[in-house]
Amino acid sequence: MTDLFSPVKLGSMVLANRIVMAPLTRNRAAMPGNVPQDNNVTYYTQRASAGLIITEATPISAMAHGYPATPGIHTAEQVAGWKKVVDSVHAKGGKIVLQLWHVGRISHPSLLPDNALPVAPSAIKPAGQAYTYEGLQDFVTPRALEVNELAGIVQEYKAAAQNALEAGFDGVEVHSANGYLLDQFLRDGSNKRTDQYGGSIPNRSRLLLEVMATVCKVWGADRVGVRISPINPFNDMHDSNPQALFNHVAEVLSPFNLAYLHVMEIGIGATEALPDFDFASLRRAFRGNYMANGGYDKARGNAAIANNLVDCVAYGVPYIANPDLVERFAKDAPLNQADQSSFYGGSEKGYTDYPALGA
Ligand code: PHB
């Protein structure tokens, strides 16, 4: 019977099991410079028994940052820092892909070069506040990208993808979820453009497809995944017809023959009821491997795989507190509980000090 412990091939990546470490923002890069450092090497290496590690969301350029101390992939120092992470995970037999991230409007001038305004599809201020070095500050109204600037954004993804290749990763995941730049283009609550990048669903999908084409050219599509979050309202996101939008996205992504489609199936911090959404229909619209994420435990993961609803499952919060999640699932051992107060920022505490079994 196929379950979480069965090997699986995602594109050309052969995973020892179907338990994936989800991307998790932890805000522990070395500053200044947003450079991966020794404690990041320790953290990822502790988790190398995952079938696949997806790194925390990683800014592709100086303008792509929206939180303190997030490790980037746009300077030589960052590439060298990530190479240490990758080499150490590989030495333990693990596999690791880098998540390529541009935050778009979810940022603040104090986090950007020359106090620049964040960029977005449209000049619409999201409700809420940015995490800055000076504490929480209200989001600002972003600057709408000119149509002739979008090739430059695609170019930033290309350069970052090349940097990830140089660092030795097994592949990359394009972050098109959770209210960041590519998701801001997809959903019509944040995209009010009247050019070929706004309006119809194909138009709103255009930037994502251009980014995917470019990243696949660098890496080969068999080492590229993409993450979407059709119903996540996080970061003030809305869409008038998420099923139509994301089924279209799944259909037009299929011909790339990607390594996988990664779907966050829940909402973060939802206060209102989430829209109805048929994830089985989304999965049928995508030709390729489906990675599910959001509130799965071992039993639900195994059931979803056995019933052929998903190919693999990404675990987030459980991986914060359980570096040896694979071994714990295998033995039905109890899980450590994650301490929310140390999720974002800080040092070893709540980062690399969760015990493995028998430790
Ligand atoms: C966050 O830092 O809160 C965050 C980052 C990336 C995500 C989701 C949340 O995809």
Query - Label-point separation, ALA321 to GLN137 (7 Å along Cα→Cβ), nm - result: 3.5 nm
Requested in this report: Give, in whole angstrom and from largest to smallest, the semi-axes √(5λ) of the equivalent ellipsoid of the chain, with λ running over the eigenvalues of the Cα gyration tensor.
Outcome: 29, 24, 20
Report task. Using a 1.4 angstrom probe, figure out how much accessible area the chain has per residue, in square angstrom, rounded to the nearest whole. Result -> 38 Å²
Query raised in the report: With Rg and the Kirkwood Rh both taken from Cα atoms, where does Rg over Rh land for region 144-262?
Result: 0.95
Requested in this report: Identify which of TYR197, TYR290, TYR133 has the largest mean-square fluctuation in a Gaussian network model of the chain, with springs joining Cα atoms closer than 10 Å.
Outcome: TYR133
Query raised in the report: With labels modelled as points extended 7 Å from the Cα through the Cβ direction, what inter-label distance (nm, one decimal) is found for ASN307 paired with GLN196?
Result: 4.3 nm
Query - Per-residue HN-Hα couplings for region 62-75 [Karplus 6.51, -1.76, 1.60; θ = phi - 60°; Hz; x = Gly/Pro] - result: 4, 7, 8, 7, x, 9, x, 6, 9, x, x, 9, 10, 10
**Report entry** For region 139-165 versus region 258-318, the gap between their alpha-carbon centres in whole angstrom
**Finding:** 28 Å
**Report entry** For region 212-248 and region 1-76, distance of Cα centres in Å
**Finding:** 18 Å
Query raised in the report: Given 0.36 nm per residue, what is the gain on full extension from ALA244 to ILE268 after removing their alpha carbon distance, in nm?
Result: 6.5 nm
Report task. Looking at the chain, send over the antiparallel percent of its DSSP beta bridges, to the nearest 5. Result -> 20 percent
Requested in this report: Please report, as a whole percent, how much of the solvent-accessible surface of region 8-342 comes from carbon and sulfur atoms (probe radius 1.4 Å).
Outcome: 52 percent
Query raised in the report: If you plug each phi of region 269-279 into the Karplus form 6.51 cos²θ - 1.76 cosθ + 1.60 with θ = phi - 60°, what whole-Hz ³J(HN,Hα) values come out, in order, with x for Gly and Pro?
Result: x, 5, 9, 9, 5, 7, x, 5, 8, 9, 6
Query raised in the report: Do any trypsin sites (Lys or Arg not before Pro) in region 192-243 lie in a DSSP loop with no more than 13 other beta carbon atoms within 10 Å, and if so, which?
Result: LYS192
**Report entry** Cross-link table LYS95/LYS158; LYS125/LYS192; LYS9/LYS83; LYS84/LYS298; LYS83/LYS158, entries beyond 20 Å C-alpha to C-alpha
**Finding:** LYS95/LYS158; LYS9/LYS83; LYS84/LYS298
Query raised in the report: Which whole-Hz ³J(HN,Hα) couplings does region 346-353 yield from phi under the Karplus relation 6.51 cos²θ - 1.76 cosθ + 1.60, θ = phi - 60°, glycine and proline marked x?
Result: x, 10, 5, 4, x, 10, 10, 10
Query raised in the report: Whose amide H sits under 5 Å from the amide H of THR132, counting only residues 5 or more places off or on another chain, with H placed in the peptide plane?
Result: GLN137
Query raised in the report: Mean Kyte-Doolittle of at least 0.0 and a Cα length of 24 Å or more along the axis: which whole DSSP H helices of the chain meet both?
Result: 150-167, 201-219
Report summary line: Taking placed amide H atoms and a strict 5 Å upper bound, the residues 5 or more places from HIS238 or on another chain that come that close are GLY189, SER190
Requested in this report: Work through the residues other than MET13 whose Cβ is under 15 Å from its Cβ and net out their charges, Lys, Arg +1 and Asp, Glu -1.
Outcome: 0
Requested in this report: Name the residues whose placed amide hydrogens come within less than 5 Å of the amide hydrogen of GLU56, ignoring near sequence neighbours (fewer than 5 apart) on the same chain.
Outcome: LEU24
Requested in this report: Enter the per residue convex hull volume of region 235-359, computed from alpha-carbon coordinates, in Å³ rounded to the nearest integer.
Outcome: 148 Å³
Query raised in the report: Roughly how compact is region 1-117, stated as its Cα Rg over 2.2 N^0.38 Å to two decimals?
Result: 1.16
Query raised in the report: Within a Cβ distance under 14 Å of TYR260, other residues only, what is the Lys/Arg minus Asp/Glu net charge?
Result: +3
Query raised in the report: Over the Cα atoms of region 24-72, how large are the radius of gyration and the largest Cα-Cα distance (Dmax), in Å?
Result: 11.2, 34
Report summary line: If the chain between GLN155 and LEU209 were fully extended at 0.36 nm per residue, the gain over the current Cα-Cα distance would be 18.1 nm
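The values are calculated or read from the model by the stated rules, or taken from the named source; none is laboratory data. As the structure is a prediction and not an experimental result, all values here were calculated from the model. In this analysis, Cβ positions are derived from the backbone assuming ideal geometry, glycine residues included, and neighbour counts consider all displayed protein chains. The accessibility values were calculated without ligands, DNA or RNA, using every heavy atom of the protein model including side chains. Shrake-Rupley method; radii C 1.70, N 1.55, O 1.52, S 1.80 Å.
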